[in-house]
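Notes follow the structure.
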Amino acid sequence: MIIAEKKPIEEIIGYIDDCEKLLILGCNECVTVCEAGGKKEVGVLASALRMYFLNQGREVKIDEITLERQCDHEYLEEIRDVADQYDAIVSLACGVGVQFLAEKYHSQRVYPGVNTCFLGATEERGRWTERCQACGTCILAYTGGICPIARCAKRLLNGPCGGSSNGKCEINPELDCAWQLIIDRLKALGRLEDYEKLLEIKDWSTDRAGGPRKVVREDIQI
Amino acid sequence: MRLNYPTSLRIIRVPCSGKVDIIHILRAFEKGADGVCVFSCMDGDCHFKTGNFRARKRVEQAQKLLDTIGTGGERLKMYSLGSGDGPPFAKYATEMHEKIKELGPNPIKKHKKNAA
Amino acid sequence: MSDTARSRLHRMLLEGHLAVTSECGPPRGSDAESIKKKAEMIKDYVDAVNITDNQTSVTRLCSMAACIHLKLMGVEPVLQMVTRDRNRIAIQSDILGAASFDIPNMLCLSGDHQSFGDCPQGQNVHDIDSMQLIQTVRLMRDEGKFLGGAEINRPPNMFVGAAANPFADPFEIRVPRLAKKVAAGAEFIQTQCIYNLDKFEEWMKGVCDRGLHEKVYILAGVTPFKSAGMAKFMKNRVPGMDVPDEVVKRMADTPKEKQPEEGINICIESIERLKTIKGVSGFHIMAIEWEQKVPEIVERAELYPRPKID
């Protein structure tokens, strides 16, 4: 899922300090699971902002809505009738949701309430780590199911650098060396000899490098 | 034990201090509470093992937030005591009452009136 | 291994001499005097001098310009190139630039992570990795082609090297990793600083068992300690460095004023032992900011005078 982190409230205040009517818009998907932008976080932010403004001597109307998703037309349509009543909308969805909201409500001020971090997994409660960089051409078949693009600080495709030490990466002693993990797994699979196959120079045109991407499936289009 | 404690305290029962979330604390302030006290079991005595530790983390987070928005984190306090500890409860309640008297009312109440 | 020498270093190895290389770090400024001075100090004692490419990710004068300065003063450079800072366009372009000055050796590296340097907030590129850099330069040289397939007018003609760290983890793939670099096209290898000679010997045995020493020239890397503090730092702080306790102890037990001398002694003893290890074709002496000691090390290790080959 998409992992996000709450923005500091000071930053959000900086965006909306001049507003009289605000909507805090949450999202029920990824950001709810990583506790950055679900219904609960919407409640906390709205309550804190209301009190902030009151302490400044202003009573700002702040409403709370949490949509099923902010990356789909049908759910974003749910606020069609109310969207223009606000001076601004703070979206606690990931960057996708914030942008889709801004596209849909073209003349409405929209601000992000979270920092969108990466595609990752919940390792344990309160701890999320990156797994995928969405490069568009998956190589996991060659690397024992562990991605060196997402998990090696130098995204090396052909083995660990000289800084791999006791299974850890040189840039941070808490970070696993992706190539140590790959080697361990190849060993467990009895396929260590696969390591010696040279991985070719990668086609990054399906990655960010190729410009904004799209997937079109004519077979399911209506 | 017929112990006295300030009548300014309104007790809200929760099954465990771990049930107390930041939003509950904020809502209390938003509704006009001048202070919030979270009473938990002693460290290591939680029936659910870690409820009181969770409560402590949330209280700390809420204190920071209250500081940022100008309400003041010192209006929120957490105390740990045993389930039958009447005297410390009365003592802490009095302490909190005094502290809040010193701090004065929740600032939003004044502004709420002004705004209205 | 090809038998037409592409560089002095290559010829030295082809003729079966123990090669000696050293390295110099370019300055953090545009005055090339310091690097020329370093090169002047060591030029008669080594066959070629590596010029590092923004080592430890600290911004410096570029490796290519420093190589040209050396070349113009008659010192043979080894152009180090990292994949951290360049995409495949810049890499091929820089290779051609170096070739236009006939810089005859190149060392292909991935580069230290930028978080260690002076621009930790910068992007890293890593469009290709060090093995693919070896493949790229070999393609350009041997087939006269760009990665895009077009022909190169006057292709580069470099002797192509790579680095190996026998001490990094996981140890069991350290020999396979070398095999991979050889398969990618590496012709010479300069190793990480060797202090744990037993472990190096174990690695070299694996290398020889697979016959890799017949496919690639291995130059054993050595770095003299200036002080006990440096030994401890290398042991504890430099990732992928293996400094045995007894070496640190030997430095620490030496009175402070004698420590530099002891560091040199250890380095020379290491070279002596490395000479006896099968598959070692030469030495890469990295005297970090201590280049003036290279002549003494080369002489005392009986690697001087350098064979005349032209």
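The values are calculated or read from the model by the stated rules, or taken from the named source; none is laboratory data. What you are looking at is a predicted structure, and each value in this text was computed from that prediction instead of being measured. A quick note on method: Cβ atoms are made from the backbone with ideal geometry, for glycine too, and the neighbour counts reach across all protein chains shown. Keep in mind that these areas ignore ligands, DNA and RNA; they rest on the heavy atoms of the full protein, side chains included. Shrake-Rupley method; radii C 1.70, N 1.55, O 1.52, S 1.80 Å.
Anything in region C:180-212 that is small (Gly, Ala, Ser) and under 18 Å from the mean Cα position of the chain (by Cα)? List them, or say none. The answer is C:ALA184, C:GLY185, C:ALA186.
Is at least one residue of region C:201-212 among the β-branched types (Val, Ile, Thr), under 25 Å from A:GLY167 (Cβ atoms) and in contact with a His (Cβ under 7 Å, 6 or more places away or on another chain)? First the steps, then the outcome.
Step one: list which residues in region C:201-212 are among the β-branched types (Val, Ile, Thr), which gives C:207.
When the remaining residues are screened for being under 25 Å from A:GLY167 (Cβ atoms), the result is C:207.
Still in the list and also in contact with a His (Cβ under 7 Å, 6 or more places away or on another chain): C:207.
Within region C:201-212 (the criterion being among the β-branched types (Val, Ile, Thr), under 25 Å from A:GLY167 (Cβ atoms) and in contact with a His (Cβ under 7 Å, 6 or more places away or on another chain)), the answer is yes, since at least one residue qualifies.
When region A:162-176 is filtered for residues that are more than 7 Å from every other protein chain (Cβ to nearest Cβ) and either crowded, with 23+ Cβ neighbours inside 10 Å or in a helix (DSSP H, G or I) (or both), only A:CYS169 remains.
Among the residues of region A:110-124, is there at least one that is over 20 Å from C:GLN123 (Cα atoms), among the polar types (S, T, N, Q) and free of Cβ contacts under 8 Å to residues at least 60 places away in the same chain? Walk me through how you get there before you give the answer.
Taking region A:110-124 as the starting set, the residues that turn out to be over 20 Å from C:GLN123 (Cα atoms) are A:110-114, A:120-124.
Now drop any that are not among the polar types (S, T, N, Q), which leaves A:122.
Of the ones still in play, those that are also free of Cβ contacts under 8 Å to residues at least 60 places away in the same chain are none.
For region A:110-124, residues over 20 Å from C:GLN123 (Cα atoms), among the polar types (S, T, N, Q) and free of Cβ contacts under 8 Å to residues at least 60 places away in the same chain: absent.
Contact map, region C:205-231: first residue part of a helix (DSSP H, G or I), second residue open to solvent by 40 Å² or more (accessible area, probe 1.4 Å), Cβ cut-off under 6 Å, separation 6 or more or different chains; pairs are C:CYS208/C:LYS278; C:ALA228/C:ALA252. Only one entry of B:GLU98, B:GLU30, B:GLU102 meets the criterion of being surrounded by 14 or more Cβ atoms within 10 Å (Cβ to Cβ), among the acidic types (Asp, Glu) and modelled with pLDDT of 95 or more, and that entry is B:GLU30.
Every condition in (1) surrounded by fewer than 16 Cβ atoms within 10 Å (Cβ to Cβ); (2) of a type in the set (A, V, I, L, M); (3) modelled with pLDDT under 95 holds for C:ALA150 except the one numbered (3). For C:GLU33, state whether it is out of contact with any strand residue (DSSP E or B) (no Cβ under 7 Å at 6 or more places or on another chain) and acidic (Asp, Glu). Against the criterion (out of contact with any strand residue (DSSP E or B) (no Cβ under 7 Å at 6 or more places or on another chain) and acidic (Asp, Glu)), C:GLU33 qualifies. Evaluate region C:189-202: report whether one residue or more is without any contact (Cβ under 8 Å) to a residue 60 or more places away in the chain and closer than 16 Å to C:LEU107 by Cβ. Within region C:189-202 (the criterion being without any contact (Cβ under 8 Å) to a residue 60 or more places away in the chain and closer than 16 Å to C:LEU107 by Cβ), the answer is yes, since at least one residue qualifies.
The set of residues in region A:177-207 being over 24 Å from C:GLY240 (Cβ atoms), facing chain C (nearest Cβ under 7 Å) and part of a loop (DSSP other than H, G, I, E, B) consists of A:ILE201 alone.
Looking across region C:120-147, just one residue is more than 9 Å from chain A (Cβ to nearest Cβ), more than 23 Å from C:THR4 (Cα to Cα) and either crowded, with 24+ Cβ neighbours inside 10 Å or among the small types (Gly, Ala, Ser) (or both), and that is C:GLY122.
Every listed requirement among (1) charged (D, E, K, R); (2) in contact with a helix residue (DSSP H, G or I) (Cβ under 7 Å, 6 or more places away or on another chain); (3) more than 14 Å from chain A (Cβ to nearest Cβ) is met by C:ARG84 save one, (3).
C:ALA168 meets each of the listed conditions (1) touching a Pro at 6+ places or on another chain (Cβ under 7 Å); (2) more than 9 Å from chain A (Cβ to nearest Cβ); (3) touching a residue at least 12 places away in the same chain (Cβ under 8 Å) apart from (2). The residues on offer are C:SER281, C:SER270, and the sole one that is hydroxyl-bearing (Ser, Thr, Tyr), at pLDDT 95 or above and outside any helix (DSSP H, G or I) is C:SER281. Would you point out the residue of region A:1-19, among those that are assigned to a loop (DSSP other than H, G, I, E, B) and within 14 Å of chain B (Cβ to nearest Cβ), that is farthest from A:VAL96 (Cα to Cα)? Across region A:1-19, the extreme among qualifying residues is A:ASP17. Can you go through A:LEU157, A:LEU189, A:LEU181 and tell me which one is exposed (fewer than 15 other Cβ atoms within 10 Å of the Cβ) and over 30 Å from A:VAL82 (Cα atoms)? So the residue among A:LEU157, A:LEU189, A:LEU181 that is exposed (fewer than 15 other Cβ atoms within 10 Å of the Cβ) and over 30 Å from A:VAL82 (Cα atoms) is A:LEU189.
Counting only residues that are away from chain A (no Cβ under 14 Å) and over 11 Å from the mean Cα position of the chain (by Cα), which one in region B:18-48 is nearest to B:LYS109 (Cα to Cα)? The selected residue is B:CYS41. For A:ASN166, the conditions (1) polar (S, T, N, Q); (2) in contact with a Lys or Arg (Cβ under 7 Å, 6 or more places away or on another chain); (3) farther than 19 Å from C:ALA163 by Cα are fulfilled apart from (2).
Of the residues C:ILE103, C:ILE42, C:ILE68, only one is out of contact with any Leu (no Cβ under 8 Å at 6 or more places or on another chain) and in contact (Cβ under 8 Å) with a residue 40 or more places away in the chain; which?
Details: C:ILE103 fails: out of contact with any Leu (no Cβ under 8 Å at 6 or more places or on another chain); C:ILE68 fails: in contact (Cβ under 8 Å) with a residue 40 or more places away in the chain.
On inspection, the qualifying residue turns out to be C:ILE42.
Beta carbons closer than 6 Å, at least 6 apart along the sequence or on distinct chains, pair a first residue in region A:41-52 that is more than 7 Å from chain B (Cβ to nearest Cβ) and in a helix (DSSP H, G or I) with a second that is open to solvent by 20 Å² or more (accessible area, probe 1.4 Å) and of a type outside the set (A, V, I, L, M) for A:VAL42/A:GLU64; A:VAL42/A:THR66; A:ALA46/A:GLU64.
Looking only at residues in region C:235-250 that are hydrophobic (A, V, I, L, M, F, W, C) and modelled with pLDDT of 95 or more, which one is surrounded by the fewest Cβ atoms within 10 Å (Cβ to Cβ)? Outline the logic, then answer.
First pass over region C:235-250, keeping only residues hydrophobic (A, V, I, L, M, F, W, C): C:238, C:241, C:243, C:247-248.
Filter again for modelled with pLDDT of 95 or more, leaving C:243, C:247-248.
Details: C:VAL243: 21, C:VAL247: 20, C:VAL248: 18.
It comes out as C:VAL248.
Show me the strands (runs of 3 or more DSSP E) entirely contained within region A:58-150 in which 2 or more residues are more than 30 Å from A:ALA178 (Cβ to Cβ), open to solvent by 60 Å² or more (accessible area, probe 1.4 Å) and within 14 Å of chain B (Cβ to nearest Cβ). Fully inside region A:58-150 and qualifying: A:61-67.
The number of residues in region C:24-47 that are touching a Ser or Thr at 6+ places or on another chain (Cβ under 7 Å) and among the aliphatic types (A, V, I, L, M) comes to 2. Here's a check for you: in region C:25-69, which residue that is touching a Pro at 6+ places or on another chain (Cβ under 6 Å) and not aliphatic (A, V, I, L, M) is surrounded by the fewest Cβ atoms within 10 Å (Cβ to Cβ)? Ranking the qualifying residues of region C:25-69, first place goes to C:SER34.
Considering C:LEU219, C:LEU197, which residue is closer than 19 Å to C:SER22 by Cα and aliphatic (A, V, I, L, M)?
Just one listed residue meets the conditions, C:LEU219.
Of all residues in region C:285-300, those that are free of Cβ contacts under 8 Å to residues at least 60 places away in the same chain have Cβ atoms under 7 Å from Cβ atoms of residues that are open to solvent by less than 20 Å² (accessible area, probe 1.4 Å) and in a helix (DSSP H, G or I), 6 or more apart or on another chain, in C:GLU296/C:ILE264; C:ARG300/C:ILE268.
None of C:LEU72, C:LEU18, C:LEU109, C:LEU96 is of a type in the set (A, V, I, L, M, F, W, C), within 14 Å of chain A (Cβ to nearest Cβ) and open to solvent by 10 Å² or more (accessible area, probe 1.4 Å) except C:LEU109.
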